[in-house]
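K.L.:
Provided herewith is a single structure, encoded as structure tokens, for subsequent inquiry.
The values are calculated or read from the model by the stated rules, or taken from the named source; none is laboratory data. Please read all numbers here as calculations on a predicted model, not as lab measurements. No Cβ is skipped: glycine too gets one built from the backbone with ideal geometry, and neighbour counts run over all protein chains shown.
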Amino acid sequence: MNRQIEVCENMLHEDPLIDLAVLGQFKSGKSSFINHLIGRDILPVGVIPVTSVITRICYGEQERAHVSFFDGTLQEIEHAELKFYTSEAENPGNLKNVAVVDIELPALREYSGIRLVDTPGLGSVFKVHKEVSGNWLPEVGAAIVAVSVERPLSEHDINLIETLLHATPRIVLLLTKVDILKPSEQREVMQFFKQTLKKELGHDFPLFLYSARENTQRYNDSLAAGLFHPLSLNHEQEFTSILGHKMRSLIKGCLGYLDIALKSSMALDQDRDLLRNQIFNEKVGYETVKEELSVIARENQRQTRPLLMKHLDRFQAPLTEKLTRALQEELPTWQGNLWTLTRRFEGWLTEHVTEEMQRISETEYHHFYGTLKKAHMGLSRSLEAFRTLLNGNVEKVLGLPLPDAEWQIEVDSPLKPDIKVLYVFDFHFDLLWFLIPMVIFRGLFERHFIGEIPRTVVINLSRLAAQWEDALNKTIDTMRKQAVLYIRDETLTIEAMLSRPQGQTEEISTLISELRGYLI
């Protein structure tokens, strides 16, 4: 609810552009659609999910692009550089901490007042900061939900549309990749979508067909006439309608809590402890659920190191062999006394092992997220179970359900650790280099150098695991804190309502009447 309030406040005080968001599951054709609409390959597309951050495109007198970072800095870039900030390939997991990318194009003059928004595909566990699709939904002004005809309307799509209904009255469905269907099949799919949405959500939504391969201009013209031109030409009226819709959704959420407060206030004071005990029984007590969340986090944190080592152990033998082979090729070219050779070896080993550890970290990090994903699922299930029990108790005792709440644990991809190589050289004969004839003993020391490689590889693979363990476990603990904050806030809200003193019934009733007046 705080997020909804923030969005409404921003809309009242900022430049009233209508954010027309293109949303949907990953690989539903969102970026390709926007590229064809504006007639430029601005956004990255590919055969794998590519969009990494929120990208907004609107009319501007000159072509410009700038990147806003989470630290508050702003950087203007060339269009050719966009992929380095918006694509998953060049900015994996949004490691560059990009908040949003804004693009201005003179070609969008006829759609002035509208800002197209390309979003990362929904359905991924990892949501980078608040601007990623799931948590960005309250900001939607109007929405195009892209659904590929390659797969049927899913539960995720229906849930997305249901969530959007709280944010905007302007929702249309875009059926993409329709070129793979015959005209008769297209009509059949459209009819299925209409019937399914009417049955599941009780609403009729405008449906548009789209293909980036065939009849693209005809599809663009249809969208322009049915959506873009009405939004642009009636901008002030549409903006006011969208803001009013968001305000009404916010009011409905407030009314849900106020109804509970009114029911509680109307109860006799002597019954309040009884009501509280009935609602917050031992299964939904704050401390009980908090401990359960801690157990989930600790158990997954305990498993992080073994899983990391299991994956990294496979690199021990090939890495040892690779470094040994490389050292054997270089050793004959090294000249000097024992002290010189020792320093040369230490520098060589540090450089090569550091490079290999960094390479493993950068290419294998996706395989390190096992316990992070398990912790996310476990914490989310525990939260859902807590709220289901709490809702059942509130409804049983007070006769009212809890209002809907957006409980979504954000999972920030952990920062890759700063790889540092630990090298411990046990012998110090090099201090006596002037006493050791290298002509006689060089072979012995070369074998010793080579013999140090397996131990160094083991040590540094272990340190790499330790560094990633620290990063991953910190992220798990952050998720736990988010979950604890959710249950604390919900518990405090209900307890505050149950503990209101007598004499506020009339005040709450008046407030409810006033708020309901805004919904008429």
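K.L.:
Could you tell me whether Phe239 is buried (at least 17 other Cβ atoms within 10 Å of the Cβ) and at pLDDT below 85?
P.N.:
Judged against the criteria, Phe239 is a match.
K.L.:
Still on this structure: Looking at (1) outside any helix (DSSP H, G or I); (2) of a type in the set (A, V, I, L, M); (3) touching a helix residue (DSSP H, G or I) at 6+ places or on another chain (Cβ under 6 Å); (4) at pLDDT below 75, which one does Val53 not meet, given that it meets all the others?
P.N.:
(4)
K.L.:
Let me ask something additional. Within the stretch 175-190, restricting attention to residues that are outside any helix (DSSP H, G or I) and out of contact with any helix residue (DSSP H, G or I) (no Cβ under 7 Å at 6 or more places or on another chain), which residue is surrounded by the most Cβ atoms within 10 Å (Cβ to Cβ)?
P.N.:
Looking at residues that are outside any helix (DSSP H, G or I) and out of contact with any helix residue (DSSP H, G or I) (no Cβ under 7 Å at 6 or more places or on another chain), I get Lys177.
K.L.:
Which condition number in (1) surrounded by 13 or more Cβ atoms within 10 Å (Cβ to Cβ); (2) at pLDDT below 85; (3) in a helix (DSSP H, G or I) is the one that His311 fails?
P.N.:
(2)
K.L.:
Looking only at residues in the stretch 27-42 that are under 17 Å from Glu214 (Cβ atoms) and within 26 Å of the chain's Cα centre (by Cα), which one is modelled with the lowest pLDDT?
P.N.:
Gly29
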